[in-house]
Each structure stands twice: as C-alpha cells, then as structure tokens.
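Peer 1: Handing you a structure now.
The values are calculated or read from the model by the stated rules, or taken from the named source; none is laboratory data. These figures come from a predicted structure and were not determined experimentally. FYI the Cβ positions are ideal-geometry reconstructions off the backbone, even for glycines, and counts take in every protein chain you see.
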Amino acid sequence: MMPAPRLRTATRLAACAILATLLVVAVRRFDLARVAAAIVASRPQWLLLAAVCYAGILPLWALQWRVLAPPERRPSFATLFGVIAMTSSVLNTTPMLVGEAAAVVFLVTRAGLSRAAALSVLAMDQLILGVAKVSLLVLAAWLVVLPLWMERGLRSLAGGVALLLVVLLTVAWGEQTMARATSRLPARARRALHAVAAALAPLRSPSRGAAALGLALAKKLAEVIAILCIQRAFGVVLPAATAVLILAALNLAMLLPVVPANIGVYEAVVVIAYGSLGVDAERALAMALVQHACYFVVLALPGYGWLLREPPSRSVAAAP
C-alpha cells in the first residue's frame, strides 16, 4: 500500500493534471483577444476600490482573532495583523490544511499564545467562518434561485457547521462531563483538554461571540462590495443580489482547495455564475481573472513581508 504522504502527493498531482487539461480545453473555446480587450478597457478606479475592499478583510480578521484570544494573554492588534497577513499568504498559496497548521504556529511563535489557546482560536475562527458562509448562502437563496449543486452544498455545509458547533459547545461548557470522560487519559492529555476548554471562553460569552460573528459577516460584506466594484469596472450592471450569489458560489467551491490559490477553480466558478446571469463568456472570464488577481495581490502577497523578517523567538515545542 502506498504511504499516506505519497498518496496525498499523487492525488494532488493527478488533480492538477486533470485541472490543467480542463483549462487547456476551456481556454480554446474562448476568444482570448476579446478577453484581453475587456481587461484593457476596464475602469481602473473601480478596480482600485475593489482592492481597497479586499484589503479591509485583513484588519477585520485581526480584530476578530483579538476578540477570540484569551484576555489575559491577548496580543496587540499590530501583532495579530502580522499573524493574519502571514496566515492569509500561506492559506492562499499552499495546499489544504497547510495554512491552518501555519496559523497555529504563527499564533504560538509570533503572538505568544499557548498551543491550546492557538488551537481554540483557530477552531472558533473556522466555526464562525462556517456560520458566516451559511448565512451568506441563506441570503443568496432568499434573493435568487440557487442552482441544485449550491442547494446541496448549503445543506452539507450547514450540517458540518452544526456538528462543529455541538463539539465545541460540549468542550466549552461540559467541564464536569469532560472530567468524567477523560478520567482515564494521561494527566498531560487531561490538562491539554481543560486548557482548550478554558480558551473556548468566547463561546460562553454572548457579547464576544456576537462581536466575532459580526466581524466575520463584515468580511463577507467587503467581498460582496468588491465584486460589485469589479462589475462596474467592466461596465456590467447587475442587481446587488448577483454579487451575493457569486461570492456564495465561490465559498462553496473553495471549501476543499485542490490546487494552491484555487487557480482555475476560482475562474471557472465565476465564469459559470456570470454565464447563468447572461454575461458573455469572454467578459465573464476577464472579470474572473481580474477579480482573482485583486483578491490574490491584496490577501496573499502582503504576508510575505512579515515572513521574511527575523525568525520567531520561540519554538512551538516550547509553548505550554
């Protein structure tokens, strides 16, 4: 049997090969001259505004993690902004789960959190992000008729988020239950579980939980406005609901990233979504390419400035 790391590598290579083949086939069906002409004719002021909207995601994200961090060891906003920038860079340029692992490392080595607190912050972030995505999909379903694949995706995502919510709430609130269930575990494992439970305090605080969710929804709003700006840049006038639909489709399609930066997948989803709205294929592809470029430049590149600075002063192994 092939070892797990080799199997994962082989799977990724196969997925990339299939995606590359599909991209070659798809590109041949487009008039690339028209695509280039549409990009050249786009209005830069709207593109700049779209980039500004995407840039607003990083500080909102940093504020969200500051709300989720333990009050007694809460890092400064500047520190968390650097952590978020680095995390965003890794998330947008590496395969699945690498970014999540890097986030824990950055929270420990750069922000000074314990491993339990870092894991709890990441778990709560994923829960709140899931709730925000489900909310966006529900809004899209209320505004427009969703394709069948999006309806199924909404049900699956809602189920996954509900399961994660139950697990985290059980850990956060079930102190006595956990004590009985973990009584046979080694002392170190029990201490780690109790530390995680303590770090999940925001789930026991309506004000902190609501604040974190509000910031997550604000990030989604920034993305919706950015998509509307891209539409205006290309002279496409569509109802605001279409931007919600496109973002909801992207959120579903990128739940399990197959290739770094979702290259090809991102563009395909946007082209298909705009095609269903009556936008011609070449203009839709031009919009998809520019939208993805704005997103990538603003959210993936800045973090490398922090990554290139001096190495962390602490190691993950030394974290309590």
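Peer 1: Kindly provide the set of residues from the range 248-261 that are at pLDDT 80 or above and of a type outside the set (A, V, I, L, M, F, W, C), ordered by number.
Peer 2: 251
Peer 1: List the number of the failed condition for residue 90; all other conditions in (1) of a type in the set (A, V, I, L, M, F, W, C); (2) on the phi < 0 side of the Ramachandran plot; (3) free of Cβ contacts under 8 Å to residues at least 60 places away in the same chain; (4) out of contact with any Lys or Arg (no Cβ under 8 Å at 6 or more places or on another chain) hold.
Peer 2: For residue 90, the failing item is (3).
Peer 1: Check 58, 48, 113 and return the single one that is at pLDDT 90 or above, part of a helix (DSSP H, G or I), in contact with a helix residue (DSSP H, G or I) (Cβ under 8 Å, 6 or more places away or on another chain) and not aromatic (Phe, Trp, Tyr). Give the steps one after another, and end with the answer.
Peer 2: Values: 48 fails: in contact with a helix residue (DSSP H, G or I) (Cβ under 8 Å, 6 or more places away or on another chain); 113 fails: part of a helix (DSSP H, G or I).
So the residue among 58, 48, 113 that is at pLDDT 90 or above, part of a helix (DSSP H, G or I), in contact with a helix residue (DSSP H, G or I) (Cβ under 8 Å, 6 or more places away or on another chain) and not aromatic (Phe, Trp, Tyr) is 58.
Peer 1: Exactly one condition in (1) loosely packed, with under 15 Cβ neighbours inside 10 Å; (2) modelled with pLDDT under 90; (3) under 30 Å from residue 276 (Cα atoms) is not met by residue 159; state its number.
Peer 2: Failing condition for residue 159: (2).
Peer 1: Now for a separate question. I want to confirm something. Restricting to the range 64-95 and keeping residues that are within 13 Å of the chain's Cα centre (by Cα) and buried (at least 20 other Cβ atoms within 10 Å of the Cβ), which single residue is nearest to residue 208 (Cα to Cα)?
Peer 2: So, considering only residues that are within 13 Å of the chain's Cα centre (by Cα) and buried (at least 20 other Cβ atoms within 10 Å of the Cβ), the one nearest to residue 208 (Cα to Cα) is 84.
Peer 1: Of all residues in the range 228-242, count the ones that are surrounded by 19 or more Cβ atoms within 10 Å (Cβ to Cβ) and closer than 20 Å to residue 297 by Cβ.
Peer 2: Selection size over the range 228-242: 6.
Peer 1: Among the residues of the range 210-234, write down those that are touching a residue at least 60 places away in the same chain (Cβ under 8 Å) and of a type outside the set (A, V, I, L, M). Even if it seems obvious, please write down each step before you answer.
Peer 2: To start, the set of residues in the range 210-234 that are touching a residue at least 60 places away in the same chain (Cβ under 8 Å) comprises 211-213, 215-220, 222-223, 225-227, 229-230, 232-234.
Those that are touching a residue at least 60 places away in the same chain (Cβ under 8 Å) and of a type outside the set (A, V, I, L, M): 219, 220, 223, 229, 232, 234.
Peer 1: Additional query: Anything in the range 235-277 that is closer than 20 Å to residue 128 by Cβ and either in contact (Cβ under 8 Å) with a residue 60 or more places away in the chain or not in a loop (DSSP other than H, G, I, E, B) (or both)? List them, or say none.
Peer 2: 244, 247, 248, 250, 251, 252, 255, 256, 257
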